[in-house]
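Participant: For reference, the structure I am asking about is given below.
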Amino acid sequence: MSKTIKEINRKILDGTVRVVTAAEMPAIVEELGAERAAAEIDVVTTGTFGAMCSSGVWLNFGHSEPPMKMTRVWLNDVEAYAGVAAVDAYLGVTQASETLGMEYAGAHVIEDLLLGRPVVLRAVSRGSECYPRKAILTEITLAGLNQAIMSNPRNAYQRYNAAANSGDGVLQTYMGKLLPGCGNVTFSGAGEMSPLMNDPDLETIGIGTRIFLGGGIGTITGSGTQHNPGAQFATLMVQGDLKQMSAEFLRAALFHGYGSSLYVGIGIPIPVLHAGIAQKTAIRDRDIETDIIDYAVPSRQRPVVGRCNYEQLKSGSVLLQRRRVPASPLASFRMAGRIAAALKRWIQRGEFFLSVPAAALPSRGSSAPLAIKPPQQRLKLFYRRPAEILPRPAGLRITWDAERCFSCGQCLGICRAGVFAKDGEWRVTADTGRCRGCGLCVQLCPAGAIAGEKNGR
């Protein structure tokens, strides 16, 4: 039996569509088999919520009086790229403030706009006969912009390598805080909830596919940069109207020692057109394997020090070099579930229809060599036991702000005192009374939910 997207949209219109989330589908296929599941289920909704640095927005400010062609633009002292038309600029999420440094970046400007806060626009121009104005300083809001189009060149990795650190000191990376001596493992990606893991051969996901993006409706505009589906590292280029989005599903983040990023919520509906797709959407965390990479080695081709699956990673520890090592996520599984559930509701209510891709995404990634090749160096690896080199207690007392937390879970694998815990929905909680003052969790939380101060202050 097979179906078409047109037939599924007709069911959405008349209210008879059957939708389940990616978390629900494996049990259904196990009970009914792929053929019956395909007959009964029309759509499987997916979700992912993680730090996606390759993101940003195109902003159109409208013309001033007299008009000007903006050659350089700053928003709250964060520079946006203005090398296009007169009053268009692209604001990248990792671009840091020229006055506040990495602690405030393009991601924070986007969040401020979504929260309705005014943002200071500063621009300069060389001036011309048709654009005589040379400078402007004013305030803007999201509502007052002509357009604010989120346009992200690389989002929603199919899966992601996990990270460890065999070196002698703590590493602050885009994979979070990595303890020395392979003292912890961090990982990203939504596992069995991942949109691209539920359609690994890109049968239904293509250019023009309508998606959940940041709380609004967006589209896939192409394959993302570094797209490599053959190695299960497919990525997506996506676009949507920022004015329709929500700060609930777009959250500015700071990775201390590395820089800022933006947590982006993406959900993709997978139409169950036949039994083969039903079987693929029954994927479980134990079916998804990934490598553990050593970030202590300063090389583009970092060595693999272990391999595990997402079920093991989500359990809270993995076997690495013959010992148990704490593991913690950077992506929020709780938010991924909420995205899939929200998309499910939209479809059931007739507020979201599926789209037939205008074209397929590439089935292979680029094999072109790097244009820049640094000199080759001989690399020597050193592995040490973490107990010998973990920092001594710093005498800190931590505070925790539950309102800021979006349950990414980085803290779960770094605390040795059991301060942080999660429930069955991956909601993170903290019992600060258990804190021993080691300070490992301070400057860890990308949302700023964890802070530390010296005892006695």
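Read the figures in this text as sums done on the coordinates, not as results from a lab. All values derive from a computational prediction rather than experimental measurement. All Cβ positions, even for glycine, are placed from backbone atoms using ideal geometry, and neighbour counts span all protein chains on display.
Participant: Work out, in µm²/s and without decimals, the Stokes-Einstein translational diffusion coefficient of the range 160-209 at 20 °C, 1.002 mPa s, Rh from Kirkwood over C-alpha pairs.
Facilitator: My calculation gives 165 µm²/s for D.
Participant: Report the Cα-based extents of the chain along its three principal axes, largest first, to the nearest Å.
Facilitator: Principal axes ranked by extent give 70, 63, 49 Å for the Cα atoms.
Participant: Please give the peptides 299-307, 287-295, 28-36, 264-272 ranked by average Cβ packing (other Cβ atoms within 10 Å per residue), highest first, as a rough proxy for protection.
Facilitator: Ranked from most to least packed, the peptides come out as 264-272, 287-295, 28-36, 299-307.
Participant: If I take the Cα coordinates of the range 51-124 and project them onto the principal axes, what are the three extents in Å, biggest first?
Facilitator: 38, 23, 22
Participant: Based solely on C-alpha atoms, express the radius of gyration and the Dmax of the range 391-454 in angstrom.
Facilitator: 10.8, 33
Participant: Which residue, chosen from Val297, Ile41, Gly144, occupies the Cα position most advanced towards the positive end of the dipole of the chain, where the dipole is computed from +1 (Lys, Arg) and -1 (Asp, Glu) charges on Cβ about the Cα centre?
Facilitator: Farthest towards the positive end: Val297.
Participant: Could you calculate, for the range 1-112, the ratio of the Cα radius of gyration to the Kirkwood radius, expressed as Rg to Rh?
Facilitator: On the way: Rg = 23.4 Å, Rh = 18.3 Å.
Rg/Rh for the range 1-112 comes to 1.28.
Participant: Give, in whole angstrom and from largest to smallest, the semi-axes √(5λ) of the equivalent ellipsoid of the range 222-290, with λ running over the eigenvalues of the Cα gyration tensor.
Facilitator: Numbers: eigenvalues 153, 67, 37 Å².
Three semi-axes, in Å: 28, 18, 14.
Participant: Between Ile207 and Glu35, what FRET efficiency follows from the Cβ-Cβ distance if R0 is 45 Å, with the result rounded to 0.05?
Facilitator: On the way: r = 30 Å, r/R0 = 0.67.
With a Förster radius of 45 Å, E is 0.90.
Participant: Contour minus end-to-end for Ser315 and Ala143, with contour as 0.36 nm per residue of separation and end-to-end as the Cα-Cα distance?
Facilitator: Contour length minus the Cα-Cα distance gives 57.6 nm.
Participant: What is the gain in length, in nm to one decimal, between Leu115 and Ser128 on full extension, counting 0.36 nm per residue of separation less the C-alpha to C-alpha distance?
Facilitator: 1.1 nm
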